[in-house]
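The values are calculated or read from the model by the stated rules, or taken from the named source; none is laboratory data. Since this is a predicted model, take the numbers as computed values, not measurements. Cβ placement follows ideal geometry from the backbone for every residue including glycine, while neighbour counts extend to all protein chains displayed.
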Amino acid sequence: MGYTAAMEAAVTPLGARHTLEELHDTPVIDKGFFVLMGNNVLLFRLLQEGRREEFRQALAWWLAATKGYAPKLVKADSVLDWTRPAQALACQVRALRPAPGAVSALAGETIKIWESRAVDGVGVPGSVIAVGCGEITVACGRGALEIRRLQRAGGRSLEAAAFLRGRPVAVGEQLDAAPW
């Protein structure tokens, strides 16, 4: 598994709320991708030895030196870890839209989360703590994630209210890592 980075001499400033689809539609971003770290022995060694902080620093240096935005995202990056802070999960959902998408499992079924925001809330991470007419609120490691748009496997993206009409969700249900 390798990493790639978008290369462009005239780099567009990244806003805090940019999504992949917004960046994709920005004409100044070069559509070409170049292999960056696919066979980097140093990075593999750092990961193998569990030296995560040194790995992060080396990866940051590579990205800065090549003027890349970020490492290429892979399917494993899309699974939401409900023990993380809500703000981090909201950023993850935004960053992974439209592909590969942020996913979780609800009663063993893969659910893709399209739109969310961090809110105050307390509960067991991954448990549904509130269900409103337009959102499903799930407890996180710190705070809660209010899910506003989601999609069942094989279905289309729906507002939370429409999703709840077809698949009711109860307070106390648990969202887990995706089953794949």
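Going through region 102-145 one residue at a time, which ones are closer than 21 Å to residue 156 by Cβ and out of contact with any strand residue (DSSP E or B) (no Cβ under 8 Å at 6 or more places or on another chain)? Once the filter is applied, which keeps residues that are closer than 21 Å to residue 156 by Cβ and out of contact with any strand residue (DSSP E or B) (no Cβ under 8 Å at 6 or more places or on another chain), region 102-145 yields 107, 108, 133. Once region 29-66 is narrowed to residues that are of a type in the set (Lys, Arg) and over 22 Å from the mean Cα position of the chain (by Cα), the residue that is modelled with the highest pLDDT is 51. Only one of the listed residues (141, 172) is out of contact with any Gly (no Cβ under 8 Å at 6 or more places or on another chain) and on the phi > 0 side of the Ramachandran plot. That residue is 172. State the number of residues belonging to region 122-156 that are out of contact with any helix residue (DSSP H, G or I) (no Cβ under 9 Å at 6 or more places or on another chain) and either farther than 19 Å from residue 79 by Cα or in a loop (DSSP other than H, G, I, E, B) (or both). Here the count works out to 10.
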